[in-house]
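The values are calculated or read from the model by the stated rules, or taken from the named source; none is laboratory data. Values in this document were obtained by computation on a predicted structure and should not be read as measured data. Don't worry about glycine lacking a Cβ; one is built from the backbone with ideal geometry, like all the others, and counts go over all protein chains shown.
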């Protein structure tokens, strides 16, 4: 989805057109959500020895959920993929290696299900 090229409507209180603002927020959901997932994985590295794997994945579900709500299903699915790779590389031994085993695919499937089953937020509803 391309960002509109029309000029924003500026009123006396300098508010940007609502459609343009909505497009901007939606277009930023994919990079912000993906970087958030990667940053969350790096932030959890110090506690990876002390936490069980299902508990580690829960914050990633929240990141994928918010990304899918704001950016749509495609942004959510991309964020789910980045999250699965980040969890596997940084939080599961052997560390910094991505292993395509059953646990990786299960994590990816669960996060992708969250992204694809959520209904994106629509304006005016």
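Is it true that residue 90 is touching a helix residue (DSSP H, G or I) at 6+ places or on another chain (Cβ under 6 Å), in a helix (DSSP H, G or I), at pLDDT 90 or above and surrounded by fewer than 20 Cβ atoms within 10 Å (Cβ to Cβ)?
Yes, satisfied.
What is the number of the single condition among (1) buried (at least 17 other Cβ atoms within 10 Å of the Cβ); (2) at negative phi; (3) at pLDDT below 95 that residue 74 does not meet?
(1)
How many residues are in contact (Cβ under 8 Å) with a residue 12 or more places away in the chain and outside any loop (DSSP other than H, G, I, E, B) if we restrict to segment 29-60? I'd like the intermediate steps shown before the answer.
So in segment 29-60, the residues in contact (Cβ under 8 Å) with a residue 12 or more places away in the chain come out as 29-30, 32-34, 36-38, 40-42, 44-45, 48, 53, 56-57, 59-60.
Now restrict to residues that are outside any loop (DSSP other than H, G, I, E, B): 29-30, 32-34, 36-38, 40-42, 45, 53, 56-57, 59-60.
So the count comes out to 17.
Tell me which of these residue 63 doesn't satisfy, since it passes every other one: (1) crowded, with 19+ Cβ neighbours inside 10 Å; (2) outside any helix (DSSP H, G or I).
(2)
Can you name every residue in segment 27-56 that is surrounded by fewer than 20 Cβ atoms within 10 Å (Cβ to Cβ) and in contact with a helix residue (DSSP H, G or I) (Cβ under 7 Å, 6 or more places away or on another chain)?
Scanning segment 27-56 gives 38, 40, 42, 44, 45, 48, 56.
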